[in-house]
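Working notes, beginning with the structure itself.
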Amino acid sequence: MRYLATLRAALAPGGAVVVGTFASAGPATRSGLPVCRYSAGELVDLLGDEFHVVSTRRESHVTPRGVAQPFTWVARRLG
């Protein structure tokens, strides 16, 4: 995956990354476009074993229209 290759190349050893996505129970579309949704476990698996989990979090964002949209956040450190 090109995104992961770019991420690995950009981080120095010991560098950290915070990734936020729509949670697995989040909306299927946003602004009429399909979105990818991930649980914390899926994000951890996607980033691979060379990253060590620092923290995971699920958050509900309320839009200006009052709609709750769940997000997943994962902080990881390159080992």
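Summary of values
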quantity: Qualifying residues in segment 11-23 (those that are of a type in the set (A, V, I, L, M) and surrounded by 10 or more Cβ atoms within 10 Å (Cβ to Cβ)) - the one nearest to SER60 (Cα to Cα); calculated: ALA23
quantity: Among the residues listed as ARG58, ARG76, the single one being modelled with pLDDT under 90, outside any loop (DSSP other than H, G, I, E, B) and of a type outside the set (A, V, I, L, M, F, W, C); calculated: ARG76
quantity: Residues of segment 52-79 that turn out to be open to solvent by less than 50 Å² (accessible area, probe 1.4 Å) and farther than 25 Å from ALA5 by Cβ, as a count; calculated: 3
quantity: Residue count, segment 24-51 (criterion: assigned to a strand (DSSP E or B) and either loosely packed, with under 13 Cβ neighbours inside 10 Å or among the aromatic types (Phe, Trp, Tyr) (or both)); calculated: 5
quantity: Where a residue in segment 27-50 is closer than 15 Å to GLN69 by Cβ and at pLDDT 90 or above and its partner, wherever it lies, is open to solvent by less than 60 Å² (accessible area, probe 1.4 Å) and among the aromatic types (Phe, Trp, Tyr), with Cβ under 7 Å and at least six apart; calculated: VAL35/PHE22; ARG37/PHE22
quantity: Subset of segment 1-10 [open to solvent by 30 Å² or more (accessible area, probe 1.4 Å) and not in a loop (DSSP other than H, G, I, E, B)]; calculated: ARG2, TYR3, ALA5, THR6, ARG8, ALA9, ALA10
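The values are calculated or read from the model by the stated rules, or taken from the named source; none is laboratory data. Not measured: the values here are computed from a predicted model. Cβ coordinates were reconstructed from backbone atoms using ideal geometry, including for glycine residues, and neighbour counts include every protein chain displayed. Quick note on the areas: whole protein, heavy atoms, side chains included, nothing else; ligands and nucleic acids left out. Shrake-Rupley method; radii C 1.70, N 1.55, O 1.52, S 1.80 Å.
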